[in-house]
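Heads up, the thing below is written out as structure tokens.
Every read-out reported here was derived from the displayed coordinates using simple, explicitly stated rules and does not represent laboratory data. Please read all numbers here as calculations on a predicted model, not as lab measurements. Quick reminder, even Gly has a Cβ in these numbers, built from the backbone with ideal geometry, and neighbours come from all protein chains shown.
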Amino acid sequence: MKSIERRFNLLKGKNPYWSTLICFSEAIYNQGFGEQAIHRWFKKLVDKDDYAPEDKRAILSFLKNLSKKAEDNQKSG
């Protein structure tokens, strides 16, 4: 089973100077994770200092689109 946390930890280890938000974005990119999983793991893995609280809704919306697979994006566009 694919795991956001496993992918996140691997990226964080390889890129210690990246923010947790960037590592999380890379971990879910083009992986087809659901909205609930993205929200749950975002809360657990991303440091609150890496984003402004008022931007959280927009960031989560962006991450949901970022996680979509390429063929899903072509169908909707």
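Overview of results
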{"read-out": "Cα pair distances exceeding 17 angstrom across the range 4-69, given as percent", "value": "33 percent"}
{"read-out": "Cα long-axis angle, helix 4-14 against the chain (0 to 90 degrees, to the nearest 10)", "value": "50 degrees"}
{"read-out": "Neighbour-count order for Arg7, Arg40, fewest beta carbons within 10 angstrom listed first", "value": "Arg40, Arg7"}
{"read-out": "For Tyr17, Tyr29, Tyr51, order by how many other beta-carbon atoms lie within 10 Å, fewest first", "value": "Tyr17, Tyr29, Tyr51"}
